[in-house]
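Worksheet: one structure, shown below.
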Amino acid sequence: METKVKVIERMEQGEKMVDVAHSYNMNRSTIGTILKNKDKLMEHVNSAVPMMLTIISKKCGKVMEEMEVVILSAQLKFQCPVTQKYVCFIFVLIFQQYMFALFILLMA
């Protein structure tokens, strides 16, 4: 989505389609499709819930649900994309909490 917005911005600044396509390693037809759907894309980008926050419902465990909440909360609070490194960091923290709780239960 971010790339599409950048493509639209560059085209609106008057850059040639072939130059924009080349810089993103895309076909000109792809750039044309992005421009054709510009209004729809920009409407979605400007909506209250960005595409990167769309949740795909799946049956998952409690750990995954907790991770999802933490990650989406961070996205909303800091308004930045979440990297793979951040997701792994959160997973390790939550996993450690569960392992500690399990250790306490086993020691009791």
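Quick check on segment 17-27. Is at least one of its residues open to solvent by 100 Å² or more (accessible area, probe 1.4 Å), farther than 30 Å from Lys77 by Cβ and not polar (S, T, N, Q)? Working first, answer last.
Taking segment 17-27 and keeping what is open to solvent by 100 Å² or more (accessible area, probe 1.4 Å), we get 22, 25, 27.
Those left that are additionally farther than 30 Å from Lys77 by Cβ: 22, 25, 27.
Remaining after also requiring not polar (S, T, N, Q): 22.
Checking segment 17-27: at least one residue is open to solvent by 100 Å² or more (accessible area, probe 1.4 Å), farther than 30 Å from Lys77 by Cβ and not polar (S, T, N, Q).
Of the residues in segment 72-108, how many are of a type in the set (Gly, Ala, Ser) and loosely packed, with under 10 Cβ neighbours inside 10 Å?
So in segment 72-108, the residues of a type in the set (Gly, Ala, Ser) come out as 73-74, 101, 108.
Subset that is loosely packed, with under 10 Cβ neighbours inside 10 Å: 108.
Total meeting the criteria: 1.
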Could you give every pair whose Cβ atoms fall below 8 Å, whose first residue belongs to segment 83-97 and is within 14 Å of Ser73 (Cβ to Cβ), and whose second residue is surrounded by 13 or more Cβ atoms within 10 Å (Cβ to Cβ) and among the β-branched types (Val, Ile, Thr), counting only separations of at least 6 or pairs across chains? Tyr86/Ile71; Val87/Ile71; Ile90/Val70; Ile90/Ile71; Ile94/Val63; Ile94/Val70
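Of a type in the set (Gly, Ala, Ser), in a loop (DSSP other than H, G, I, E, B) and modelled with pLDDT of 85 or more: does that describe Gly32?
Numbers: of a type in the set (Gly, Ala, Ser): yes; in a loop (DSSP other than H, G, I, E, B): no; modelled with pLDDT of 85 or more: yes.
It is false that Gly32 is of a type in the set (Gly, Ala, Ser), in a loop (DSSP other than H, G, I, E, B) and modelled with pLDDT of 85 or more.
The values are calculated or read from the model by the stated rules, or taken from the named source; none is laboratory data. Remember, it's a predicted structure, so these values are computed and weren't measured experimentally. All Cβ positions, even for glycine, are placed from backbone atoms using ideal geometry, and neighbour counts span all protein chains on display. All accessible areas refer to the heavy atoms of the entire protein, side chains included, with ligands and DNA or RNA removed. Shrake-Rupley method; radii C 1.70, N 1.55, O 1.52, S 1.80 Å.
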